[in-house]
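Step one of this worksheet: look at the structure below.
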Amino acid sequence: MKLDGRRQSNNVDDRRGMSGGTVAGLGIGGIVMIALFTFLQGGNLGDVISNVGTQMAQQSQNVGTKDGQREFTEEEQKLAQFSSQVLASTEDIWAEVFKKMGRTYQNPKMVLYTGSVQTACGQGSASVGPFYCSGDQTLYIDLSFFTTMRKQLGIKNKGDLDFAFAYVIAHEVGHHVEQQLGILQRAHQQMQSTNKTAANQISVRLELLADYYAGVWGHYESATFQSIDENDLEEAIETAKVIGDNYLQERAQGYSSPESFTHGTSAQRMRWLKRGLQTGDMNTTTFTGSYEDL
């Protein structure tokens, strides 16, 4: 993805190396994610226990880190700059898209952090990957996720995964677009008043819509700046494939449980991302039609 000379966003709060507050443990979600990545690498239960211990030790070290004393590698600095440029691109693209819709787009913020971070949605951890908090309209990213993604997900590509990384950021911005359009709030209300299976299906619709909006951003980014080539598209599609619920569950445990899906299958994620990339149509949504037809 070609972003040379492009501006960086003014809405980035770089907290890398700063204390994230008291470490309360990884939590079951964090442990599951570590287990998932470990099994993807061919590890066993003993490796999982070792990796969980390593992650907890790293979080403890982060709490004791004094502000401004950590040296960042060249790769980390490049990832920080790239993330800021991608966020700036989403700001420009979504401002124009919303303008055409007769709306005003409010930019989200992005926090770069190390290990753990306090958010309006509670304590966040690098082990769960990038996430969006609607409470403070902020994306939270520990850049080590991209290093982990490159090393552990086994994505086959011809490039250096830059557009795959951009897709991850654009997906989280997609949740902010949902928030701006009132979709996220309505979906969360519905999820709170229904059973777990139905709530999971609503979650899948939200995640697939964020994938679609990531594609919409890519559609207009490419049309405006000619910054995305075929290799970039292959990277993003392959990434969507290997973060599908069925793919991850089957790699981790040998089978998948559709009733527990919260993000969508590989086929669904690839399909909705591609649809957004191809059409850029804001009249399309994942919240119409039957769940089986997504």
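A short reminder: the numbers here are calculations on the coordinates, not readings from a lab. Given the structure is predicted, the values throughout are model-derived calculations rather than measurements.
Given a cut-off of 15 Å, what percent of all Cα-Cα pairs of the range 179-245 lie beyond it? In whole percent, the long-distance tail amounts to 63. Value of Rg to Rh for the range 66-137, rounded to two decimals, is 1.04; Kirkwood radius and Rg both from alpha-carbon coordinates. Remark on Gln118: its backbone amide H falls under 5 Å from those of Gly124, a criterion applied only to residues 5 or more positions apart or on other chains, H modelled at 1.01 Å from N. Which of the three applies to the range 81-123, rounded, prolate or oblate, going by the alpha-carbon gyration tensor with a ≥ b ≥ c and a/c under 1.5 meaning rounded? The shape class here is oblate. Scaled against 2.2 N^0.38 Å for its residue count N, the alpha carbon radius of gyration of the range 89-247 is 1.05.
Our note on the geometry: Cα centres of the range 256-285 and the range 65-144, 23 Å apart. Overall, the anisotropy analysis places the range 97-180 in the oblate class: the square-rooted eigenvalues a ≥ b ≥ c of its C-alpha gyration tensor yield a/c not less than 1.5, with a/b not exceeding b/c.
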